[in-house]
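The values are calculated or read from the model by the stated rules, or taken from the named source; none is laboratory data. Owing to the predicted nature of the structure, the values given are computational and were not obtained by experimental measurement. Cβ coordinates were reconstructed from backbone atoms using ideal geometry, including for glycine residues, and neighbour counts include every protein chain displayed. Note: accessible area is taken over every heavy atom of the protein model, side chains too, but ligands, DNA and RNA are not part of it. Shrake-Rupley method; radii C 1.70, N 1.55, O 1.52, S 1.80 Å.
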Amino acid sequence: MTAEETAKPHATQVPPRRNTSLHGAFWTEFLLRVMRFTPAWLALILVRPVTLLVYLLAGPQRGAVLGNLAALRPDFGPARRWWAGYRVFLQFALTYLDRLWHMHFRKAVTWDIPHKERFDAMRALPGGVLIFTIHSGNYDIGASLFATKFGRTLHTVRAPEQSEDLQALREAELRRVEHENPLLRVHYSTADNHLGLELCRILMAGDAVAVQGDRVITSVSPAAMSHAGRTYQIPRGPLVLAEIARVPCHPIFLERTGCLKYRIHVGECFYDGRTKIRADDLGKIWMPIMHDYIHQHWEQWFVFETLVTLKTTPAAP
């Protein structure tokens, strides 16, 4: 054995650096430790200045939110738009607290459904159903509550987190949720899997699938759709899935109305699955539904990438 080999066991092992970025698990783990001894009323007070600090420091995310708001609400002046951007960050932080309270501290969530007759009609459908939703309210809380009330197996689709440590944390959380709620199944959409075929098989077998029809990330094929003078970049996958599966499609939006309080907005079926329709034409039906909700509930649209712009009119020659 050489002197170099003998020295190896005694070499100082440098621990891996913690990922302290916004996309790492460090801040969630830190927050969970703080929440163990912080009363809810104090957390709800502290979240406001902390969110303001994050809002000031998170330049790219703040710029994307302000860009989306400029297109969604051109009636807002610069000062009102800046404050609206803070409100988006704050609502996201509040829903994140709700998520942690519910998943890690077993706090109950109350919710209501304004149009329960639509929910009951969807639940009574004999075959598969495709649910279109967006990044509003809290997707994980909503999926768990919805599956419980729905009474049928619900398959949800998520994008992987942007860091390995946060992905590991999310998977551990969702495994607990699936264990407690056997009607909920979580799938991850990646560039190298065949999830579309699997979801189509699930729908044909008569189960429900929930997809998010508003956010485009790196591994998702985008589709540019225009409505009300705006152009949205939305994922093409859910539209193709609806075209192939030919099952009823329903819009469902989750709105936070208070601490651990949520409202489920169940829309009318926008495609009955009986006739053949192209993905692009389905997008033209989905767009007004999504836009109307986002325009009204802009403070709860939690996307931190630029996804909507004002449609420009070509200059006359």
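The table that follows gives values for the structure above.
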quantity: Residues within the range 117-135 that are of a type in the set (Gly, Ala, Ser), out of contact with any Leu (no Cβ under 6 Å at 6 or more places or on another chain) and within 28 Å of residue 190 (Cα to Cα), tallied; calculated: 1
quantity: The range 132-149: number of residues that are modelled with pLDDT under 85 and at positive phi; calculated: 0
quantity: Qualifying positions in the range 7-65 - open to solvent by 90 Å² or more (accessible area, probe 1.4 Å), modelled with pLDDT of 85 or more and farther than 30 Å from residue 216 by Cα; calculated: 33, 36, 37, 41, 45
quantity: Condition met for residue 297 (out of contact with any helix residue (DSSP H, G or I) (no Cβ under 6 Å at 6 or more places or on another chain), over 15 Å from residue 232 (Cα atoms) and modelled with pLDDT of 95 or more); calculated: yes
quantity: Pair list, Cβ under 6 Å, 6 or more apart: the range 156-182 residue free of Cβ contacts under 8 Å to residues at least 24 places away in the same chain, other residue of a type outside the set (Val, Ile, Thr) and not in a helix (DSSP H, G or I); calculated: 167/160; 167/161; 170/161; 178/184
quantity: Residue match in the range 299-311 (condition: over 15 Å from the mean Cα position of the chain (by Cα), open to solvent by less than 60 Å² (accessible area, probe 1.4 Å), touching a residue at least 24 places away in the same chain (Cβ under 8 Å) and farther than 25 Å from residue 92 by Cβ); calculated: no
quantity: Test result for residue 119, aromatic (Phe, Trp, Tyr), over 16 Å from residue 261 (Cβ atoms) and surrounded by 21 or more Cβ atoms within 10 Å (Cβ to Cβ); calculated: no
quantity: Counted residues, the range 246-261 - those being in a loop (DSSP other than H, G, I, E, B) and under 17 Å from residue 294 (Cβ atoms); calculated: 0
quantity: Elements of type strands (runs of 3 or more DSSP E) contained in the range 167-245, each with 1 or more residues being basic (Lys, Arg) and open to solvent by less than 40 Å² (accessible area, probe 1.4 Å); calculated: 230-235
quantity: Filter pass, residue 152 being among the basic types (Lys, Arg) and modelled with pLDDT of 85 or more; calculated: yes
quantity: Residue in the range 66-81 that is farthest from residue 294 (Cα to Cα), counting only those that are in contact (Cβ under 8 Å) with a residue 12 or more places away in the chain and surrounded by fewer than 16 Cβ atoms within 10 Å (Cβ to Cβ); calculated: 74
quantity: Filtered residues of the range 114-137 (kept if farther than 27 Å from residue 159 by Cα and not in a helix (DSSP H, G or I)); calculated: 114, 115, 124, 125, 126
quantity: Residue that is in contact with a Lys or Arg (Cβ under 9 Å, 6 or more places away or on another chain), open to solvent by less than 20 Å² (accessible area, probe 1.4 Å), of a type in the set (Val, Ile, Thr) and at pLDDT 95 or above, where the choices are 88, 129; calculated: 129
